[in-house]
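*Asks:* Next up is a structure, given as structure tokens.
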Amino acid sequence: MSRSDGTATYDVIVVGLGGMGSAAAYRIAARGQRVLGLDRYGPAHTRGASHGESRVVRQAYSEDPAYVPFLLRSYELWERLQRDSGRDLLTVTGGLMLGREGGLTVAGSTRSARYWNLPHELLDSRQIRRRFPTMTPAKGTVGFYEENAGFVRPEAGVEAHLELARRHGARLGFEEPVTRWDADPSGEGVTVTTGKGAYHASRLVICPGAWTWELLADLDLPFRVERYVQYWFDPVGGTRPYGPSRHPVFIWEAGDGRLFYGFPALGDRVGGVKVSFLRAGRPVTPETIDRDVRPAEVEIMRGYLRPRVPTLPGGLRRASTCMYTHVPGEYFVATPHPECPQVTVGCGLSGHGFKFVPVVGEILSDLVVDGASRHPIELFDPQRTSVPAA
Ligand SMILES: Cc1cc2nc3c(=O)[nH]c(=O)nc-3n(C[C@H](O)[C@H](O)[C@H](O)COP(=O)(O)OP(=O)(O)OC[C@H]3O[C@@H](n4cnc5c(N)ncnc54)[C@H](O)[C@@H]3O)c2cc1C
């Protein structure tokens, strides 16, 4: 369809087709809307935040028990997406959170598990060594084990959402950066401009990840974009002890407060075992990020692994950078634009959001189609004055 000035028109335009935007495009198209999705790069690309073969999923959320209902719904939606797309997306391997007994990771996970009655076990260092022989925690380190934790595959997840969006009639345009958007003064529609032309829609959803400041500068959100590195090592002695049937995903809070995490060996084309640091990345922008990984950085990672998972840091197989878009408090943003009711904003997944993208897609589609969400989304409103107790 087009307007009298020749501008193609849609019900909804989704800008940014990464983790969040691909899920939103699918959910909105599945609600019968005519959707146009646009991305500055190709499908499931490696320049944003949704790449690197694996993302941790867990339910006993150490960050805040208020996330747990969203996680339970996300698990349901990952399983449904897996079925509908015929792709291998979610693998439950069990997950081990290690650290001091009163530390953020162990105490926070225990708090969520107890609050929501989620299955879990608490292990001392001897029990951890016996059960997971790749790990050599020092005396005094404890483990919170959650059988329902595991990982999802980010590129396959994005591709599955895009494929289902298409199946529901969405038109998807890649290598087409949006340069501006203008809300109609009537409050009814929006015009979106790209290098290739202009499009009109009744509603707009903006999910630009690390490029948020470009399209949402007017919101003046206190974002910080940070650089992180994903490292794949070839364990000394091979990957067998790291296979998904015997090795959990893990998050380890070291005595100095630094957090790192890792995955089982996926046995895929990349090979090796992936690890990365969590939080405290270097501030960057999508334009200035250094994509090269220095030997000194690899050595820092090795230094954390050697005393704790000694066979893991063998040869470095590969390393790849990624960006977190950090919001203070790490609660995401999934909310109507405060000035333009026809615009919905989804961003600020703060480095822990991939596991949530199906439910965030559902929230965004609720907001767009129904004007309100079935989920309690006060948590994801940057204007909130307090965080609701779980
Ligand atoms: C190293 C690393 C490890 C992580 N580990 C985990 C984990 O274990 N578990 C977990 O749950 N989460 C994890 N995360 C976080 C999670 O992966 C991200 O929060 C999530 O993928 C972000 O999705 P997004 O849609 O906001 O951003 P992206 O996936 O980056 O998507 C944004 C999209 O917008 C497009 N775009 C931007 N500007 C424009 C424009 N002007 N026009 C058109 N398109 C535009 C971009 O090209 C991009 O495709 C990790 C992140 C990183 C970097």
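The values are calculated or read from the model by the stated rules, or taken from the named source; none is laboratory data. Owing to the predicted nature of the structure, the values given are computational and were not obtained by experimental measurement. All Cβ positions, glycine included, derive from the backbone under ideal geometry; neighbour counts span all protein chains shown. Areas reflect the complete protein model, heavy atoms only, side chains present, ligands, DNA and RNA absent. Shrake-Rupley method; radii C 1.70, N 1.55, O 1.52, S 1.80 Å.
*Asks:* Could you give the length gained by full extension between residue 182 and residue 285, i.e. 0.36 nm per residue of separation minus their alpha carbon distance, to one decimal place?
*Replies:* Length gained between residue 182 and residue 285: 34.6 nm.
*Asks:* Report for the chain the percent antiparallel among DSSP-assigned beta bridges with both residues inside it, nearest 5.
*Replies:* 70
*Asks:* Suppose the chain between residue 245 and residue 101 were pulled fully straight at 0.36 nm per residue; how much longer would it get relative to their current alpha carbon spacing?
*Replies:* Here the answer is 49.2 nm.
*Asks:* If the reach is capped at under 30 angstrom between alpha carbons, list the lysines near residue 274, excluding any in the same chain fewer than eight residues apart.
*Replies:* 139, 355
*Asks:* Given Cβ point charges of +1 (Lys, Arg) and -1 (Asp, Glu) and nothing else, what value in debye, to the nearest 20, does the dipole of segment 170-328 about its Cα centre take?
*Replies:* 980
*Asks:* Using only C-alpha atoms and all pairs of different ones, pull out the Kirkwood radius for the chain in Å with one decimal.
*Replies:* Across the chain, the inverse of the average 1/r is 21.5 Å.
*Asks:* Arrange the residues 181, 116 by how much accessible surface each exposes, largest first, with a 1.4 angstrom probe.
*Replies:* Final ranking, largest accessible area leading: 116, 181.
*Asks:* Quick check: residue separation of residue 7 and residue 92 times 0.36 nm, minus the Cα distance between them. What number comes out in nm?
*Replies:* 25.9 nm
*Asks:* To continue, here is another question. With each run of n ≥ 4 DSSP H residues scored as -39500 (n - 2.57), what mean residue ellipticity at 222 nm is computed for the chain after dividing by its residue count and rounding to the nearest 500 deg cm²/dmol?
*Replies:* The helix contribution divided over the chain gives -7500 deg cm²/dmol.
*Asks:* Oh, and also: Name the residue from 219, 344, 327 whose Cα lies farthest towards the positive end of the charge dipole of the chain, charges +1 on Cβ of Lys and Arg and -1 on Cβ of Asp and Glu.
*Replies:* So the residue we want is 327.
*Asks:* Which GluC sites (Glu not before Pro) in segment 240-323 pass both tests, a DSSP loop state and at most 11 other beta-carbon atoms within 10 Å?
*Replies:* Counting only loop positions with at most 11 other Cβ atoms within 10 Å, the GluC sites (Glu not before Pro) in segment 240-323 are 287.
*Asks:* Between segment 219-243 and segment 86-157, how many Å separate their Cα centres?
*Replies:* Rounded to whole Å, the Cα centres lie 17 Å apart.
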